[in-house]
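Below: the structure, in C-alpha cells.
The values are calculated or read from the model by the stated rules, or taken from the named source; none is laboratory data. Note that the structure is a prediction, hence the values are computed from the model and not measured. Note that each Cβ is placed from the backbone with ideal geometry, even for glycine, and that neighbours are counted across all protein chains shown. Areas reflect the complete protein model, heavy atoms only, side chains present, ligands, DNA and RNA absent. Shrake-Rupley method; radii C 1.70, N 1.55, O 1.52, S 1.80 Å.
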Amino acid sequence: MKNRSILLITAIAALAFSCKPKDEAVTFTISPSVNYGEQNGKPVNTHVSYPASYRPDSIAYFLDGVYVGSKKDSSAVIIKTDTLRCGSRVITANVYKGGKSQVVTTNIIIMPTRMPTRYRFKLIKKFPHDTTAFTEGLSYLDGYLYESTGGLGHSEIRKVELETGKVVQRQKLDDKYTGTGSAVIGDKIVMFTQKDKAGFVFDKNTLKQVKQFNYVDSVAWGATTDGKKIYVGNSANRIWLLDPNDYHKTGSIEIYDHEAPVNQIGELEYIDGKIYANIFDYDTMLIINGKTGAVEKAISFMELWPGKERPAKFEGDKNVFNGIAWDAKGKRLFVTGKKWPFVYQVELVKATMEETQH
C-alpha cells in the first residue's frame, strides 16, 4: 500500500512538471510591425506582447543597438524620432527571466513629415563651359572651378578658370577608369570612379596623383565634403560618409522625401549644413538636411537651358543637368550640365503659391 502511494505521488509530480509552461516555448510579438513607416518627429511606441501567465523580470529596448529604455511588463517604451536620420531603423527587445534572455526585433522606417518646399531659380550670370566636359563633379575655390569628368577614356580632373572657361591644368585618369564625383578638401582633391571601386587623391596645386585607394562599394557617383568628412552617393538613396584621412566608411545617410526614398542622387555640394544634390536624368536639384537625410526643398531647372535652344543633335538624355559648386566667400551658387556650353550663376527664390500649383 505504501509503495502504491509513493508511485501515485511520483506520477502526480511528473504530470505537474510536464504541464508547467516553459519559458523557451513562450511566443513573443513586438510592436510596431516590421517595415512600419513613421514620419520624422512623431514618437514611436514600442512594446512586447506575451501570454498573460508569463512574468518577465525585465524587457530592455534598443534602437540600432543603442539602449532606449526598459520595462518590467508589456507597457510601451516611447522612442523619439525628431532627431533620427531617415531610413530603416532596427528596434530590438531583450526579454529577461531567470537569468536567461530572448530577443525579438522589428524595424521602422523614418521619413520627413513635410513635403519639400518648392523653389525656383533666378539667373544671375553665365560663364563659358567646355562642351567636351562630361561633368561629374564640380567645386569652386578662389576663382577656379575644379571639375571631374567622366566617360571611358576621357575621365580627368581639371582646374578651370571661371571667367573664361579655360582649362589651366588637367590630369587624365587611366583609360580603364570612368571618373565620377570629386571634392576639394584642404590641399587635396579626392575623385571617385563609377564601378571600379577605386578612388584617387590629387595634389590641388599640381593635380598630380598622390594616392590611390579602394572604395568598397559597387557604385560611386557624386561627392562633396564639409571639411571633416567626405560624402559619396551610391546612385540610389544612400550617401556614404568617409573619413578624409584614409577614406574608410564611417556611416551613411538615407535620403527620403515625405513619401518614399529618393533614388538617383547625383552630383553633391555641401553648403551651410545642407547637401545640394542633382537627381539624375531630371533637371531638378534637392536641398537635403545634412544630418537626417530629409529632403527639405526642391528646385526645377527645366528652363535654365530650354530644349528649344539646344543643338538639334544634342544628346540631352545623356548630357543631363549635373554639376553644383558653391563660392563660400562670395556666396555664389553655380550649376551646369554634362557637355553644356555654360556654367550658370543662380539664386534660389521660394516659389509663389501659383508657381507651386503648376
Count of lysine pairs, the stretch 11-162, Cα-Cα under 30 Å, sep. 8 or more residues or interchain, comes to 22
Treating only the Cβ of Lys, Arg, Asp and Glu as charged (+1, +1, -1, -1), what charge dipole size does the chain show about its Cα centre? Round to the nearest 20 debye. 1060
With angles folded into 0 to 90 degrees, how steeply does helix 2-19 sit against the dominant principal axis of the chain? Use alpha carbons for both and round to 10. 20
Ser155 long-range amide H proximity, modeled H, under 5 Å: Leu173, Gly179
Of Gly153, Met111, Phe314, whose Cα points farthest to the positive end of the dipole of the chain (charges on the beta-carbon: +1 Lys, Arg; -1 Asp, Glu; origin at the Cα centre)? Met111
Measuring from a point 7 Å past the Cα of Lys172 along Cα-to-C-beta, which residues in the stretch 125-143 have an amide N at less than 20 Å? 130-137
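Counting only DSSP beta bridges with both residues in the stretch 233-358, tell me the antiparallel percent, nearest 5.
Values: 30 of 31 bridges.
Just about 95 percent of them are antiparallel.
Tell me the carbon and sulfur percent of the accessible area for the chain, rounded to whole percent, probe radius 1.4 Å.
Numbers: 9720 of 18560 Å².
That share works out to 52 percent.
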Taking all pairs of distinct alpha-carbon atoms in the stretch 76-157, Kirkwood radius in angstrom: 19.2
Trypsin sites (Lys or Arg not before Pro) in the stretch 272-344 lying in a DSSP loop, each with at most 15 other Cβ atoms within 10 Å of its Cβ, come to Lys291, Lys313, Lys318, Lys329, Lys331
Lys42-Lys80 pseudo-label distance in nm [points 7 Å out on the Cα-to-Cβ vector]: 1.9
Under a point-charge model restricted to the Cβ atoms of Lys and Arg (+1) and Asp and Glu (-1), what is the dipole moment magnitude of the stretch 46-128 relative to its Cα centre, in debye to the nearest 20? 780
Averaged per residue, what accessible surface does the chain expose to a 1.4 Å probe, in Å²? 52
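Tell me the trypsin sites (Lys or Arg not before Pro) within the stretch 124-183 that lie in a loop according to DSSP and have at most 14 other beta-carbon atoms within 10 Å. Kindly include the intermediate steps, with their values, before the conclusion.
Working: sites: Lys125, Lys126, Arg158, Lys159, Lys166, Arg170, Lys172, Lys176; in loops: Lys166, Lys176.
Answer in residue order: Lys166, Lys176.
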GNM of the chain, Cα pairs under 10 angstrom: of Gly150, Gly65, Gly41, the biggest fluctuation goes to Gly65
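Give the average over all directions of the projected area of the C-alpha convex hull of the chain, one decimal, in nm². Please list the in-between numbers first.
Values: hull surface 101.5 nm².
Averaged projected hull area, Cα only: 25.4 nm².
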Charges on Cβ only, +1 for Lys and Arg, -1 for Asp and Glu, centred on the Cα centroid of the chain; of Ser252, Phe301, Ile78, which one is farthest towards the dipole's positive end? Ile78
Quote the charge dipole size of the stretch 253-337 about the Cα centre in Debye, to the nearest 20; the model charges only the Cβ of Lys and Arg (+1) and of Asp and Glu (-1). 340
Count of Lys pairs (Cα-Cα under 21 Å; at least 8 positions apart or interchain) in the stretch 228-358: 26
